[in-house]
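**Student:** Okay, here's the structure, questions in a sec.
The values are calculated or read from the model by the stated rules, or taken from the named source; none is laboratory data. Owing to the predicted nature of the structure, the values given are computational and were not obtained by experimental measurement. Note that we place each Cβ from the backbone using ideal geometry, even for glycine, and neighbour counts take in every protein chain shown.
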Amino acid sequence: MATGSDTAVLMVGFGAPGKLSDVRSFLEGIARRAGIPEDRLEEVYSHYQAVGGSPYNSCVRLQGKALEQQLDERGLPLPIYIGMRNWHPYLDDVVRTMTDDGIRRVIAVILTPHEGPASTGRYVASLDDAAKNIGEAAPRIEYLRSWYDNQGFIQATVERIASACDQLSPEQHEEAAWIFTAHSIPERMASGSPYDTQFARTAELVAFELGLPAYELAYQSGASDDGWLAPDINDALKHAAAKGHELAVVTPIGFLSDHVEVLYDLDTEARQTAESVGMQFVRPKTVNDHPRFIAMLADLVREAFGRGDSDKTHAS
């Protein structure tokens, strides 16, 4: 397939600083925009301290490098840019750089599997603002079609779970509490959006591939206030223990890389909750740069490149 010299791929993520010394500035910027209370800010800062910064940006760079290689192998050597909504490299700056580089068409890869105003919607709005700030010279921005139920994503997740659970006995597999998590969001934002429906569908497909006898959905990394999607993962673990489960397998299928909301909220906080109620805790890796996941993204980029017109299906 011939490539267009004026087309590029943009990996679009949340963003986070890798150095602990930058974390407070990062969190204060988010707090100003979102109105986060000071006590919550300090709580989240302690999570970054425990982890030593965030590997988020480095994870996205690895995904971008793997995607670039996949596209090259398919005869579609498109340049890969990386842009973040809340940290360097900021989307505004990256869109301007692409414009200066002569890019006229951008295929955006939003790094979240489930659509909604609190997830994909915010990234689309930020990209729209970045393009408006540039004006007519800004590149046209297109999006991949939805992939929360794509077999590439599902199989990558299944293989991560299988790897984490390869030492479980058949009895443990049968008797474990299987819990899938996604980021909690306010119920008012979820209402009327496909977010929780898509989350449930991803879990259903993964559970089917694994042959799970039963599973539960839970949410994580949100506010403790009423009005957010529930149950919280810590409550779900306590409930599972009360039902007699001695092992929990907790898979964060709403997350694409092992960053602070996984490394702390699950590996530290949720693990401590599980252990406090006498449960063993297993947390499979997220897809990260799993070959099946990256191959899926390459397929969808190639599809979008061939389509040649704007499609904001993955932009609810």
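**Student:** What number of residues within segment 6-58 satisfy the criterion of being surrounded by 13 or more Cβ atoms within 10 Å (Cβ to Cβ), among the small types (Gly, Ala, Ser) and not in a helix (DSSP H, G or I)?
**Tutor:** Summing the residues that are surrounded by 13 or more Cβ atoms within 10 Å (Cβ to Cβ), among the small types (Gly, Ala, Ser) and not in a helix (DSSP H, G or I) in segment 6-58 gives 8.
**Student:** Oh, and also: Could you figure out which of (1) surrounded by fewer than 15 Cβ atoms within 10 Å (Cβ to Cβ); (2) within 24 Å of residue 289 (Cβ to Cβ) isn't true of residue 102?
**Tutor:** For residue 102, the exception is condition (2).
**Student:** Only one of (1) under 30 Å from residue 107 (Cβ atoms); (2) assigned to a loop (DSSP other than H, G, I, E, B) fails for residue 224. Which number is that?
**Tutor:** (1)
**Student:** For segment 87-97, state whether one or more residues are at pLDDT below 95, surrounded by 14 or more Cβ atoms within 10 Å (Cβ to Cβ), under 19 Å from the mean Cα position of the chain (by Cα) and assigned to a helix (DSSP H, G or I). Quick ask: steps written out before the conclusion?
**Tutor:** Within segment 87-97, the subset at pLDDT below 95 is none.
No, there is no match, as no residue in segment 87-97 is at pLDDT below 95, surrounded by 14 or more Cβ atoms within 10 Å (Cβ to Cβ), under 19 Å from the mean Cα position of the chain (by Cα) and assigned to a helix (DSSP H, G or I).
**Student:** Quick check on segment 108-158: of everything there that is under 29 Å from residue 188 (Cβ atoms) and of a type in the set (Val, Ile, Thr), which residue is nearest to the chain's Cα centre (by Cα)?
**Tutor:** 112
**Student:** A further question follows. Please identify the pairs in which a residue from segment 23-39 that is under 19 Å from residue 259 (Cβ atoms) has its Cβ atom under 6 Å from the Cβ atom of a residue that is not in a helix (DSSP H, G or I), counting only partners at least 6 apart or on another chain.
**Tutor:** 23/17; 26/17; 26/87; 30/86
**Student:** Does residue 108 satisfy being farther than 24 Å from residue 264 by Cα and crowded, with 22+ Cβ neighbours inside 10 Å? Don't jump to the end; show me each part of the working.
**Tutor:** On the way: farther than 24 Å from residue 264 by Cα: yes; crowded, with 22+ Cβ neighbours inside 10 Å: yes.
It is true that residue 108 is farther than 24 Å from residue 264 by Cα and crowded, with 22+ Cβ neighbours inside 10 Å.
**Student:** Mind checking which residues of segment 229-255 are assigned to a loop (DSSP other than H, G, I, E, B) and either free of Cβ contacts under 8 Å to residues at least 60 places away in the same chain or closer than 27 Å to residue 11 by Cα (or both)?
**Tutor:** Step one: filter segment 229-255 for residues assigned to a loop (DSSP other than H, G, I, E, B), giving 229-231, 243-246, 252-255.
Once the filter is applied, which keeps residues that are assigned to a loop (DSSP other than H, G, I, E, B) and either free of Cβ contacts under 8 Å to residues at least 60 places away in the same chain or closer than 27 Å to residue 11 by Cα (or both), segment 229-255 yields 229, 230, 231, 244, 252, 253, 254, 255.
**Student:** May I ask you to list the residues in segment 28-60 that are more than 14 Å from residue 223 (Cβ to Cβ) and among the small types (Gly, Ala, Ser)?
**Tutor:** 29, 46, 50, 52, 53, 54, 58 - these are the residues of segment 28-60 that are more than 14 Å from residue 223 (Cβ to Cβ) and among the small types (Gly, Ala, Ser).
**Student:** Quickly run through segment 256-289 and pick out the residues that are assigned to a loop (DSSP other than H, G, I, E, B) and touching a strand residue (DSSP E or B) at 6+ places or on another chain (Cβ under 7 Å).
**Tutor:** First, the residues of segment 256-289 that are assigned to a loop (DSSP other than H, G, I, E, B): 256-259, 264, 277-279, 283-289.
Scanning segment 256-289 gives 279, 283, 284.
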